[in-house]
1. For helix 232-268, report the angle its Cα long axis makes with the longest principal axis of the Cα atoms of the chain; keep it between 0 and 90° and round to the nearest 10°.
2. Do any of Lys155/Lys238; Lys37/Lys238; Lys109/Lys234; Lys155/Lys316 go past 31 Å between their Cα atoms, and which?
3. Using a 1.4 Å probe on the protein heavy atoms, what percent of the accessible area of the range 258-382 belongs to carbon and sulfur?
4. Once you charge only the Cβ atoms, +1 for Lys and Arg and -1 for Asp and Glu, what is the size of the charge dipole of the chain about its Cα centre, to the nearest 20 debye?
5. Work out the length of the dipole vector of the range 10-117 about its Cα centre, built from +1 on the beta-carbon of each Lys and Arg and -1 on the beta-carbon of each Asp and Glu, and round it to the nearest 20 debye.
6. Express in Å², to the nearest 10, the accessible area of Glu36 obtained by rolling a 1.4 Å probe over the protein heavy atoms while all chains stay in place.
7. Determine the shape class of the range 234-381: with a ≥ b ≥ c the square roots of the Cα gyration tensor eigenvalues, call it rounded for a/c under 1.5, and otherwise prolate if a/b is greater than b/c, oblate otherwise.
8. Please report, in debye to the nearest 20, how large the charge dipole of the range 234-381 is about its Cα centre when each Lys and Arg carries +1 at its beta carbon and each Asp and Glu carries -1 there.
Amino acid sequence: MIMVDMSLTPEQQRIQQLAREFTAQHILPVDREWDEKGEFHEFILEEVKKAGLNCMAVPQEYGGPGYDAVTQSLVAEEWGYGCAAFATTLGGNGLSSYPLAIAGTDEQKRLYYGRLVNGGMGGFALTEPGAGSDAGACATIAKLDGDEWIINGTKCFATTCGYADIMVIFASTDPSKGVKGLSAFIVEKEREGVVVGAVEHKMGIRSSNTVELLLKNVRVPKSHLLGKEGEGMKLAMKTLDMARPIVASLAVGVGRRALDEAVKYAKEYLDINGKPIGQHQAVAFKLADMATRVEAARQLVRNALRLKDAGVPYTKEAAMAKTFATDAAMRVTADAVELMGQYGYSRDSVVEKLMRDAKVTQIYEGTNQVQRIVISGILLNS
Ligand SMILES: Cc1cc2nc3c(=O)[nH]c(=O)nc-3n(C[C@H](O)[C@H](O)[C@H](O)COP(=O)(O)OP(=O)(O)OC[C@H]3O[C@@H](n4cnc5c(N)ncnc54)[C@H](O)[C@@H]3O)c2cc1C
């Protein structure tokens, strides 16, 4: 369902339209094939670059388009509508560029934004087999040796890291300090000791690349420390504040697609008496609830990102948007499967893919339980 949002600027509407057309031309014809094969969609990224929709957060002075956060979310919604795996790949790029925006020196930005805007992929590796929600349990260690850091450890579920040119990797520089000992490093793929391990076979977002990353005595110059030593956790949290509304936008796109599919089906599919099932109030009300959830999710995203663009605190609103939009995507996609009956459950329909894809949005970038910890923590401590 295509809507014109009058609260958007003409430039925001133009970029939204551009992303919508890109999705119709390059993604919708192939998203199910990507899913079926589970192959990474690397080739399409060149097209994204040509369309000027790559590295949207990179400022103009470093060669990017420097879009505001609302504009980035409009594009993310269109990517999510087309294919959540593709949206996740591009979201992973964003995730690697946000820490640079927050803590990078001019030299770091020049070098690493440069690689991203020239078509390189970025990754963000915080999670480990024993450290997911509890990032302070990080067992990857970085030790200073003269002018170099030596990094050892294993990361897992690292999006796009099988293809990434640069990665932001979190390691403990002082394990005795827990989360306060965490630091962030920029690591290029060509560094000796960076080994891509097992590829995850996933329920959904199957054509996104999710890998284990082994770091074996990886040496990087001192200048690769991002921000201050011991401030990695703060940096990760600020990065996730920026990323969560973008995941939420992706989820809005997934929900919107499921809604469109369900509406179409409800108009066309006839019951035993030859009446379109949408004429039954039970079906029509389900559609109404689905549409309401999608729109409410979109408005929570916009609210969080307008706060961000205005430069005021938005951690709580970002977590609310992520929680609500991803729960809504899960609910709306499951409703679409239900409404479409056996066809909905079949691989002949797209809604079963949407339902599988929606699930991960409740998990990554902080589970929705963790988001509720963030929201309630702010409520109770302010
Ligand atoms: C497809 C995919 C891609 C990913 N990409 C990346 C990436 O690019 N980079 C990266 O660093 N990570 C990535 N992740 C990892 C993701 O961020 C973690 O899966 C997530 O943070 C949860 O960690 P966990 O899976 O270890 O779950 P756990 O932390 O083990 O949690 C298990 C369950 O316990 C709940 N739980 C945990 N602690 C609490 C608590 N205190 N209170 C209430 N409930 C709690 C959780 O909500 C969850 O339901 C990815 C994950 C997936 C699935």
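1. Roughly 20 degrees between the two axes.
2. Checking Cα-Cα distances, Lys37/Lys238 exceed 31 Å.
3. Within the range 258-382, the accessible surface is 59 percent carbon and sulfur.
4. I would put it at about 620 debye.
5. Values: 9 positive and 16 negative charges, 48 e Å.
Dipole of the range 10-117, to the nearest 20 debye: 240 debye.
6. For Glu36, solvent-accessible area is about 100 Å².
7. Here the range 234-381 falls in the prolate category.
8. For the range 234-381, the charge dipole is close to 480 debye.
The values are calculated or read from the model by the stated rules, or taken from the named source; none is laboratory data. Note that the coordinates shown come from a computational prediction; the quantities given were computed from them, not determined experimentally. Note that each Cβ is placed from the backbone with ideal geometry, even for glycine, and that neighbours are counted across all protein chains shown. Accessible surface is based on the protein model in full, side chains and every heavy atom, while ligands, DNA and RNA are left aside. Shrake-Rupley method; radii C 1.70, N 1.55, O 1.52, S 1.80 Å.
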